[in-house]
Amino acid sequence: MRCATGAPGTRTITVSAPDGAVTRYTFGNRYLVDEGQLLKVEEGVSGSTALRITSTTYALPGDGPYPNPVGLSLQPRNDGYLASRHTPERMRVTTQQGSTFTWQVDNTCTGSTYCFDLRARPTKIIKSSAPTP
């Protein structure tokens, strides 16, 4: 069954540590797309702002030379689709103290969309940083 139009595509969990530190975790919940994947971590949350925000983007099962599917899931009626496919981390962007730090898998390799090997490990990575505009 599909969710109604306008249904939220993510779910956020807020964790308060004993020392008062607050961290928010945002997970995808779109069926067959990003269900259960950690999409964003907000650390040092105070109101609507955070000291550090890390957003993660994942490659699709067909984005690399890795097999699709990898095998068969024992839970075909639950998360069987994503559990039997590689969806490796493709890009991570961290914003902290006025700077943006980016880690990403390059997309200039021949034969696939991104530079991964047959086990979905990155073979070429680009790291960069810049002041946040």
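We did not get these values from a lab; they are worked out from the coordinates using the rules stated. Note that the coordinates shown come from a computational prediction; the quantities given were computed from them, not determined experimentally. Cβ: placed from backbone, ideal geometry, glycine included. Neighbour counts: every protein chain shown.
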Karplus (6.51, -1.76, 1.60) ³J(HN,Hα), θ = phi - 60°, over segment 101-113, in Hz, Gly and Pro reported as x
10, 10, 10, 8, 7, 5, 10, 9, 6, 7, x, 7, 5
Please give the peptides 26-35, 118-127 ranked by average Cβ packing (other Cβ atoms within 10 Å per residue), highest first, as a rough proxy for protection.
26-35, 118-127
Need one number: nm distance between label points at residue 91 and residue 14, each 7 Å from Cα along Cα→Cβ, rounded to one decimal.
2.9
Contour minus Cα-Cα span, residue 81 to residue 101, at 0.36 nm per residue, comes to 4.0 nm
The chain, relative contact order [Cα under 8 Å, separation at least 6], %:
17
Any idea what log10 I(q)/I(0) is at q = 0.09, 0.18, 0.19 Å⁻¹ for the chain, Debye with uniform C-alpha scatterers and no solvent?
-0.35, -1.11, -1.15
Which residues' amide hydrogens lie under 5 Å from the amide hydrogen of residue 39, considering only partners 5 or more residues apart or on another chain, with H built in the peptide plane?
26, 27, 28
Segment 62-133 - Kirkwood radius from inverse mean 1/r over Cα pairs (Å):
13.9
If amide H atoms are built 1.01 Å from N in the plane of the peptide, which residues on other chains or at least 5 residues away come under 5 Å of the amide H of residue 100?
130, 132
Using the scaling law 2.2 N^0.38 Å as the reference, what is the normalised Cα Rg of segment 4-76?
1.43
